[in-house]
Amino acid sequence: MARVNFDGSSSIVTGGASGIGEASARLLANAGSRVVIADLNEERGQAVASELGGLFVRCDVASIDDADTTVAAASEMGPLRALVNSAGLGMAGRTISRDNQPMDLSQFEFVIRVNLIGSFNMLSRAAGAMAATEPMDDDGQRGAIVNMASAAAFDGQIGQAAYSASKGGIVGMTLPIARDLSVVGIRVNTIAPGLIDTPIYGEGEQSDAFKAHLGQSVLFPKRLGSGEELAFMVMDLLTNPYMNAEVIRVDGGIRMPPK
């Protein structure tokens, strides 16, 4: 059996303007796919899309209209075969504060809306378009989806209730969605990254020192992971035709402490 061939296809990468999303978009483009960068960062998103010969679409992942616009744009460039759900955010906050005030519920809802509902929204809209394409092989395969959870889905730290709940939801929906989409030949897998070196940590000497300190808690190698290392796993899950319904930690063996 051969790996899935994405040459001549289209694909969507949410959060594709930076970090894991950008690295994944680059590898998809190298594989011959026309990539739609779906992001809110227009300047960076346009630059990446232009460099890769793809297309930028400004996209709020939790918006049905934005999702449909993104899917339509991809489908115009070729049969939609891949979605990488990499858009997401974190917002630290304890369940109750030090003076016993409950967390603002809107803060919890916002993280769930972007990370969990946004992932499902993009996934379901993209799956509808994938299902309408012609099968790629004798198995009837039409496409593949990779969601991005987090090690926090399993090892959530103090202040990560909203973030961990959102990522735990992504883990929990992987199997039932894979079962739902098996009838139309679409595979669904999830990656749970550990500590990854993305723009969230900033730049400069102080940032480098902080990241080096964080890296010491990783089992091996004792450093933060790179976006490209996560993208390697994204491509493995997209191109291996027998990978389905799985959640894989890519974290250097870290198990997060309470704080």
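Every number in this text was worked out from the coordinates using simple rules, so none of it is lab data. Everything numeric here is computed off the predicted structure, so don't read it as measured data. No Cβ is skipped: glycine too gets one built from the backbone with ideal geometry, and neighbour counts run over all protein chains shown.
With K and R counted +1 and D and E -1, the other residues having a Cβ less than 12 Å from that of Thr69 yield a net charge of -3. The fewest-to-most ranking of Arg125, Arg255 by surrounding Cβ atoms within 10 Å reads Arg255, Arg125. Taken about its Cα centre, the stretch 10-249 carries a charge dipole of roughly 500 debye when the Cβ of each Lys and Arg holds +1 and the Cβ of each Asp and Glu holds -1.
Between the entries (i) 18.8; (ii) 14.1; (iii) 13.2, the label attached to mean projected area of the Cα convex hull in nm² calculated for this structure is (ii). Each Lys or Arg adds one and each Asp or Glu subtracts one; over the other residues with Cβ under 11 Å from the Cβ of Ile158, this totals +2. The residues Asp68, Asp99, when put in order of fewest to most other Cβ atoms within 10 Å, stand as Asp99, Asp68.
Look at Ile12, Ile191 and count the other Cβ atoms within 10 Å of each Cβ; fewest to most, that gives Ile191, Ile12.
On full extension, the segment bounded by Gln206 and Arg113 gains 30.2 nm, given 0.36 nm per residue less the C-alpha separation. Taking amide H as placed 1.01 Å from N in the peptide plane, Val250 has its amide H under 5 Å from the amide H of Ala192, Gly194, each at least 5 places away in sequence or on another chain.
Once you list every other residue whose beta carbon is under 10 Å from the beta carbon of Arg58, what net charge do they have if Lys and Arg are +1 and Asp and Glu are -1? Taking every Cβ under 10 Å from that of Arg58, the sum is -4. In this structure, the amide hydrogen of Val188, modeled 1.01 Å from its nitrogen in the peptide plane, lies closer than 5 angstrom to those of Ile145, Ala245, counting only residues at least 5 positions away or on a different chain. Radius of gyration over Kirkwood radius for the stretch 128-259, both on Cα atoms: the Rg/Rh ratio is 1.05. For the stretch 159-237, the convex hull spanned by the alpha carbon atoms encloses 124 Å³ per residue.
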